[in-house]
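Below: the structure, in structure tokens.
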Amino acid sequence: MGVMDWLKRGVGEMMIARPDDAKSQVVWKHPDPTIPMKSQLTVESDETAVFFRDGKVVGTLGPGRHTLDSMNLPFLSNLVDSFTGGNVFITEVFFVSTREFTGVKFGGRIGHVEDPKSGVPVETMVHGEFSFRVVNAEQVIIGLVGMGRAEPHQVGAWMKEQVLKVLRDRIAELCVKNKWPLLDVTSGAYTEEVEKAVIDALDQHVAAYGLDIVRLGNFEIAIDEDDAANLKRLYTDAAYLRTVGGVDNYQRFAAGKALMGAGEGMAKGGGGGEGGGGNLLGGAGLGVGFGLAQMLVRDAQGGHSLAPATPGVVCASCGQSVGAGRFCAACGGELKPKTAASGACAGCSAPLAPDARFCAQCGRKREG
């Protein structure tokens, strides 16, 4: 090896700093554990240098240019290699970035969240970005990265998992506890509240690793387009029930609408396979769905009993269609033979007003 080669090698060993192509990494490890005495160590303004020996932290250096000499830096005396006459330090040096890392994207499924306004479970997703920073360089190395050479994506990937995990838990909890309608949540009405709750919860998960989630940015909670359309239609259909009939009627109305949708889906082939069995199940599903749904919706709209009236004779006293017999099963009044002709429409059995000449339901002229 020539004189120039020795000089080049010596200059290279004397200057220690993180290379430009590693500036984007949260943690970068200097590759050579043998460092000559009097070497110049440069720590950038947004990083910290951490010195290890035998798996233990020996010391740290902040931003600036440092001459590695035990006379200037007493902790370096613990790193001197006696076999080289005290001219070499044996140490592992890690450079840890302390700046805020922004624009870390994340996204995924939250799962089924029950819409408090209608009681209908809806598939919910979230995506966006967040920023984080290192607040304790020693903890992030020991607790998360380890003593090996860290992969550039390692810290960011782990942080994404933590953010998504907490978002899943907190969003569902906030919607249920605060009774936030999902359409309001997806519109961004509660973005600030969600961000604060998520960041507070994340601190408990990442603080032990020397990390801090600074903020969530440009994140969006979303639901499937079909689910959103169904919720809007349901809100519109039942708007007057919220003011007239109260929450109980509204929820019965929502349940009825959901059953109607289930019945329609089964009738179109969603509930059965090939052949007659599928068609039979579809027909049964449609009948059961609409039957239960109509009872629930009728109860919500009129406040009547959920038990369906038995078709037959129309009672002149209460106007209910009941089974044939001597007395009305709805009000107990006596059923007269010609009640249906005088008090109800002969065509559709709908109750007629005393002075009505035509049926308000089917338009048939009153008989008798």
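A compact table of results
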read-out	value
GLU161 out of contact with any strand residue (DSSP E or B) (no Cβ under 6 Å at 6 or more places or on another chain), among the charged types (D, E, K, R) and closer than 25 Å to LYS29 by Cα	yes
Subset tally (residues that are within 15 Å of LYS105 (Cα to Cα) and either modelled with pLDDT of 90 or more or surrounded by fewer than 15 Cβ atoms within 10 Å (Cβ to Cβ) (or both)) for the stretch 134-157	2
Scope the stretch 114-126; condition at pLDDT below 85 and among the hydrophobic types (A, V, I, L, M, F, W, C); matching residues	VAL120
Residue that is hydroxyl-bearing (Ser, Thr, Tyr) and over 40 Å from the mean Cα position of the chain (by Cα), where the choices are THR98, THR91, THR48	THR91
ASP212 vs. criteria outside the structural domain of GLU92 (by TED's automatic domain parsing), not hydroxyl-bearing (Ser, Thr, Tyr) and not in a strand (DSSP E or B)	no
Subset of the stretch 165-209 (residues that are surrounded by fewer than 16 Cβ atoms within 10 Å (Cβ to Cβ), outside any helix (DSSP H, G or I) and touching an Asp or Glu at 6+ places or on another chain (Cβ under 9 Å))	GLY188
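The values are calculated or read from the model by the stated rules, or taken from the named source; none is laboratory data. Values in this document were obtained by computation on a predicted structure and should not be read as measured data. Counting neighbours? That spans all protein chains shown, and the Cβs are built from the backbone with ideal geometry, glycine included.
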